[in-house]
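Remarks on the structure that follows.
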Amino acid sequence: MIGDEEEILCESEVTCVGQIICGIVADSQEHAKMAASAVKITYEDLEPVVLTLEDAIQHKSFYGHRKLEKGNIDAAFEGVDQQLEGQIHIGGQEHFYMETQSVLVIPKGEDGEIEMVCSTQHPAFSQRVVAESLGVPSNRVTVRVKRIGGAFGGKVLKTSIIAAITAVAAHKTGRAVRCVLERGEDMLITGGRHPFLGRYKVGYMTDGRIIAVEVTCYCNGGNTLDHTLSVLEEVLLNLDSGYHLPHLRLTGFACRTNLPSNTAFRAFGQPQAIVITESWITDVATKCGLSAEKVREMNLYRGEKSCTPYKQTFDSRNLLRCWDECLKTASYRNRKIAIEEFNKLNRWKKRGISVVPLKKSMGFSVPFLNQAGALIHVYQDGSVLLTHGGTEMGQGLHTKIIQIASHELKIPMSSIHLNETSTGTVPNTSPTAASVSTDLNGMAVKAACQTLLQRLEPFMHDNPKGTWNDWVKEAFMKKVSLSATGYFKGEDLFMDWEKGEGTVGSYMTFGVACSEVEIDCLTGDHKNIRTDIVMDAGSSLNPAVDIGQIEGAFAQGLGLFTMEELKYSPKGVLYTRGPAQYKVPAVCDIPEQLNVSLLSGSRNPKAIHSSKGLGEPAVLAGCSVFYAIKDAIAAARKETGLTGTFTLNSPSTPDRVRMACVDQFTKMVPVSEPESIPWAILV
Ligand code: MTE
Ligand code: MOS
């Protein structure tokens with residue numbers, strides 16, 4: 001597997017509540033449930049139980065750590081005007097895909113053949129895990145994916161565990177077995193986004209220039225490694241966010257805890273990185289008496305040859321273009337004045353605004369994942385059946401791929417069909433992840449199209465007035481193969497942690513988001529008034545799909561930073577196991593005005609048809625809502641004379657917002673006794 005070996009069924013030591021011990025096969029779901037409730041297990045308590053990041057730090061319970069340095073941080077701290085320290089905790093997030101983890105395994109009754117219909121982003125991995133579990137070669141296991149009812153990173157690795165258990169059941173009974181997790185089980189068992197704690201020390205000049213930044217962060221990986229180290233790496237690689245920071249020391253620890261194992265989640269660590277960075281940016285602005293937007297703008301990356309902390313150069317000019325365009329379309333300056341007016345006139349309602357730069361490096365920093373395959377058949381009637389290594393989960397990948405094939409073959413999209421993804425047609429595929437599936441599979445499809453066109457070329461030449469169907473028919477009669485594979489070998493991306501150097505992405509996707517909110521200082525509730533997002537999507541293959549992805553990712557980010565909160569008991573039992581306890585954004589949480597636009601005139605020579613990957617980056621845009629809330633809280637605190645920096649942990653739920661708006665009422669809330677056991681803990 002990626003990372004550690006993972007136990008599929010626990011053999012001896014249960015290390016979290018929600019670990020799978022056994023599976024029960026029955027002739028109906030009801031019977032299976034009755035049997036499951038009859039299973040009695042006696043446990044002995046583990047010592048010590050490590051649940052929170054604080055626990056992990058205390059017990060040095062780490063999977064590993066990473067470090068990244070740039071410049072000369074110690075000398076830099078000597079030369080700065082001022083320093084500040086602070087920290088922020090970011091809670092996890094549940095994927096909450098509409099379709100829970102689901103798999104159907106059909107034993108074929110011959111030669112150990114197994115057919116599996118699986119809701120997975122990574123068919124090749126599920127195939128491998130199932131083959132290994134059954135002790136059969138991979139050529140006996142075919143995994144098919146028609147479409148996934150949402151995945152968001154939660155169906156890259158985790159699905160294979162459910163698939164392996166189901167496959168064993170099917171193999172043992174010789175009958176088809178289906179396993180579909182109920183929402184509560186899915187929430188309990190399959191983990192989610194990694195909670196993070198970021199502690200920082202920043203050296204800056206009184207005019208707002210940032211000189212030196214030291215961040216130590218900890219992430220809650222849960223009881224197995226899964227993607228935890230990669231997520232931690234992604235956080236370190238993105239703690240610069242959109243800013244040029246001359247001196248840096250970034251350290252990260254991946255914590256092993258007794259919680260269900262966390263995994264990939266849309267934008268893979270970058271949301272945690274941006275919220276840490278923007279926390280100290282806001283603190284610096286407060287200390288300097290400047291607006292946060294001024295400090296951000298002053299420290300933005302600029303120019304054609306910008307350089308990341310890992311010494312990869314990139315062209316950041318489009319980031320600045322997004323910034324200027326977003327401020328303009330959002331009428332930022334006028335609205336900021338109007339907000340100040342509103343706040344002068346209202347004591348118990350406050351408004352806030354925030355504009356935040358977004359940057360995401362695109363590509364798998366693991367070299368071998370940057371490859372893809374495609375297979376195209378042309379039938380005698382001219383219709384085309386197309387398949388490639390990627391899976392469709394609502395992100396519009398298949399639509400874009402058909403567009404690419406249609407463009408290359410110069411035939412209408414309606415002549416091309418894509419029926420499913422299968423390990424039987426395109427083998428050894430990478431997961432549909434990291435937002436680069438169009439980049440990779442699109443190139444493979446293009447290659448397959450070019451092979452076909454080369455074969456058809458003589459017939460086009462002989463009959464220039466003919467149609468696609470004429471050429472196809474002629475080729476068939478002349479015994480020319482009408483089936484072609486395509487393969488794409490992507491860039492050799494890598495990160496050398498020893499040297500602190502790497503080329504971790506092929507290019508950057510940029511954006512800027514500006515949000516305005518209104519908080520109710522007495523209840524802590526808030527209203528999302530308006531958000532403007534400008535994204536650099538290169539030359540978009542399909543603006544409707546891309547804008548849909550930006551809106552969806554933004555809503556998911558808004559949920560992460562302002563509403564969605566996983567609650568654990570002091571013994572590590574997840575309380576929040578459904579929409580009644582766990583609040584995902586609803587219609588009323590979408591800003592009354594939501595304007596998404598794509599930066600015009602952007603080109604990207606690094607990806608298919610000059611496009612850019614866009615499935616994840618806009619999650620980061622949700623952070624503009626969080627910092628708009630923080631801005632509104634700051635206005636409320638001014639009323640009681642509090643003008644300094646303050647901590648606001650993510651998500652900014654009503655209770656946190658309420659308590660941060662310190663006033664005569666919050667002072668009446670009794671402080672809990674130090675030895676009292678809380679209802680829920682911060683993990
Ligand atoms: N959009 C929908 N509707 N459903 C999803 O599950 N997953 C996201 C994003 N957009 C997702 C989605 C995640 S986590 C990734 S990595 C990308 O889609 C993957 O697809 P892509 O590479 O085609 O962008
Ligand atoms: Mo997306 S988290 O890369 O599946």
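Every number here is computed from the coordinates shown, using simple stated rules; none is lab data. All figures in this text were calculated on a predicted structure; none of them were measured in a lab. Cβ placement follows ideal geometry from the backbone for every residue including glycine, while neighbour counts extend to all protein chains displayed.
The residue 298 and residue 457 beta-carbon pair, evaluated with R₀ = 51 Å, returns a calculated FRET efficiency of approximately 0.35. Over region 516-595, the Kirkwood radius and the radius of gyration, each from Cα atoms, give a ratio Rg/Rh of 1.08.
Over all projection directions, the Cα-based convex hull of region 35-179 averages an area of 15.2 nm². Given 4 °C and 1.567 mPa s, how large is the Stokes-Einstein diffusion coefficient of region 375-490 in µm²/s, with Rh as the Kirkwood radius over Cα pairs? It diffuses with D of about 89 µm²/s by this estimate.
At 37 °C and a viscosity of 0.692 mPa s, what translational diffusion coefficient does Stokes-Einstein give for the chain, taking Rh as the Kirkwood radius over Cα pairs? Give it in µm²/s as a whole number. Diffusion coefficient, whole number: 123 µm²/s. From the Kirkwood radius over Cα pairs of region 555-683, Stokes-Einstein at 10 °C and 1.306 mPa s returns a whole-number translational diffusion coefficient of 88 µm²/s.
Modelled this way, with points 7 Å down the Cα-to-C-beta line, the labels at residue 407 and residue 467 are 2.5 nm from one another. Taking amide H atoms as placed 1.01 Å from N in the peptide plane, the amide H of residue 101 lies under 5 Å from those of 181, each 5 or more residues away in sequence or on another chain.
The alpha carbon centroids of region 79-108 and region 592-617 are separated by 24 Å.
At a Förster radius of 51 Å, what calculated FRET efficiency corresponds to the Cβ-Cβ distance of residue 491 and residue 381, to the nearest 0.05?
Rounded to the nearest 0.05, the efficiency is 0.85.
What's the long-distance tail for region 479-527, i.e. % of Cα pairs beyond 18 Å? So the pairs more than 18 Å apart make up 71 percent of the total in region 479-527. The alpha carbons of region 335-374 occupy a box of 61, 20, 18 Å along the principal axes, longest dimension given first. As a ratio to 2.2 N^0.38 Å, the alpha-carbon radius of gyration computed for region 285-398 takes the value 1.75.
Between residue 98 and residue 480, full extension at 0.36 nm per residue minus the direct alpha carbon distance yields a gain of 133.0 nm. Karplus-derived 3J(HN,Hα) values for region 38-53, using 6.51 cos²θ - 1.76 cosθ + 1.60 with θ = phi - 60°, are 7, 6, 10, 10, 9, 10, 9, 5, 7, 9, x, 8, 10, 10, 9, 5 Hz; glycine and proline are entered as x. An ellipsoid equivalent to region 361-414, defined through the eigenvalues of its Cα gyration tensor, has semi-axes of 25, 13, 10 Å when rounded to whole angstrom and sorted largest first.
Can you say what percent of the DSSP beta bridges in the chain, counting only those with both residues inside, are antiparallel? Round to 5.
Bridges in the chain are about 80 percent antiparallel.
Ordering 40, 311 from the fewest to the most neighbouring beta carbons within 10 Å gives 40, 311. With only the Cα atoms considered, region 126-259 has a convex hull volume of 171 Å³ per residue. Annotation for residue 333 and residue 45: the two label points, set 7 Å from Cα along the Cα-Cβ direction, are 6.3 nm apart. Charged side chains reduced to their Cβ positions (Lys and Arg at +1, Asp and Glu at -1) give region 95-190 a dipole of some 140 debye around its Cα centre.
Compared with the alpha-carbon gap, the fully stretched path from residue 180 to residue 9 is longer by 59.9 nm at 0.36 nm per residue.
For region 95-190, the spread of Cα positions along the three principal axes, ordered from largest to smallest, is 38, 23, 20 Å.
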